[in-house]
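The values are calculated or read from the model by the stated rules, or taken from the named source; none is laboratory data. Note that the coordinates shown come from a computational prediction; the quantities given were computed from them, not determined experimentally. Cβ placement follows ideal geometry from the backbone for every residue including glycine, while neighbour counts extend to all protein chains displayed.
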Amino acid sequence: MSAFHFQQFSVLQKNSGMKICTDAVLFGAMAPVNQGDRVLDIGTGTGVLALMTVQLGAATVTAVELTQEAFKEADINFNNSPWGEYLEAVHQDIHSFALTADRQYDLIISNPPFFENHSKTADSLRNTARHTDQLPFADLVSIAEQLLSPQGLFYLLLPAHAVAKFSAQALAVGLYLINQTDFRGYAHNEAKVSALTFSRTAEVFTARLLTIYEIHNVYSRDSEAYLTDFLLRFKKQSN
């Protein structure tokens, strides 16, 4: 099976529509997790974000996944990790989950489908993971507003071109954009994706531009600071 190995856990990813990528790992490493948070991961895929939030200090993570193939793989990844008792994989669409949810969450995290009206491939799992057919932005905003605790944070990764539209929809239901970190590959690139943090409370908005690589295969100082506790290449050798 195809697996991606981190310092403290490994992720099988053969059956997930979306494989491990640098943007998603950096997004997870930057998650605004407070110690003891109760986290909801919408569209968990391989479960990598759920695993990263537990490593960062979350008390429990409920990871909801629509496709059976990815759900099974995430469940295996959770059980094979050091934190299996704190992670719950749920095979359900998030709409149905929200209808019966009896709790709210301190942090809602998602790397959601984001292509609207784009051509699709023959890979149905990849289509589900990448296109908004099953989870339009308006639905995601509504569900996050319902399930977010009063002081909670909603954290997601979107393409840069979708930020304005999504932020306007979030504001309409009382979720304020308080932080935006734009990711660009190299200093000469434009930002392609943005990590966004929303809150029920209007706070001073902060924005930054993060360059991932200095040169090919060499991380910038900023991105290395986030990834140093996760990627094997930064693992400190024991004496």
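Answer yes or no as to whether ASP75 is touching a Leu at 6+ places or on another chain (Cβ under 7 Å) and modelled with pLDDT of 95 or more.
Working: touching a Leu at 6+ places or on another chain (Cβ under 7 Å): no; modelled with pLDDT of 95 or more: yes.
For ASP75, the condition - touching a Leu at 6+ places or on another chain (Cβ under 7 Å) and modelled with pLDDT of 95 or more - is not met.
The rows are residues; the columns are (1) without any contact (Cβ under 8 Å) to a residue 60 or more places away in the chain; (2) touching a Ser or Thr at 6+ places or on another chain (Cβ under 6 Å); (3) surrounded by fewer than 23 Cβ atoms within 10 Å (Cβ to Cβ).
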site	(1), (2), (3)
GLN8	no, no, yes
LEU12	no, no, yes
THR22	no, no, yes
THR46	yes, yes, no
VAL61	yes, yes, no
LEU66	no, no, no
GLU69	yes, no, yes
ASN80	no, no, yes
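Output yes when any residue across the stretch 50-61 is assigned to a strand (DSSP E or B) and among the hydrophobic types (A, V, I, L, M, F, W, C), and no when none is. Yes: one or more hits. Evaluating LYS72 against the criteria (1) part of a loop (DSSP other than H, G, I, E, B); (2) more than 17 Å from the chain's Cα centre (by Cα); (3) more than 28 Å from HIS216 (Cβ to Cβ) leaves one unmet condition, (1). Checking each residue in the stretch 80-114 for being in a helix (DSSP H, G or I) and under 15 Å from LEU49 (Cα atoms) picks out GLY84, TYR86.
Could you list, in sequence order, all residues of the stretch 1-48 that are small (Gly, Ala, Ser) and within 11 Å of the chain's Cα centre (by Cα)? Selection gives ALA24, GLY28, ALA29, ALA31, GLY43, GLY45, GLY47. I'd like to verify a number: residues in the stretch 20-39 that are under 17 Å from ALA195 (Cβ atoms) and part of a strand (DSSP E or B), how many? Looking only at that region, the number is 1.
Is there a residue in the stretch 184-192 that is of a type in the set (Lys, Arg) and surrounded by fewer than 17 Cβ atoms within 10 Å (Cβ to Cβ)? There is at least one residue in the stretch 184-192 that is of a type in the set (Lys, Arg) and surrounded by fewer than 17 Cβ atoms within 10 Å (Cβ to Cβ).
Report yes if THR197 is within 18 Å of the chain's Cα centre (by Cα) and buried (at least 19 other Cβ atoms within 10 Å of the Cβ), otherwise no. If you could, list the steps in order and put the result at the bottom.
Details: within 18 Å of the chain's Cα centre (by Cα): yes; buried (at least 19 other Cβ atoms within 10 Å of the Cβ): yes.
Here the answer is yes, as THR197 does meet what is asked.
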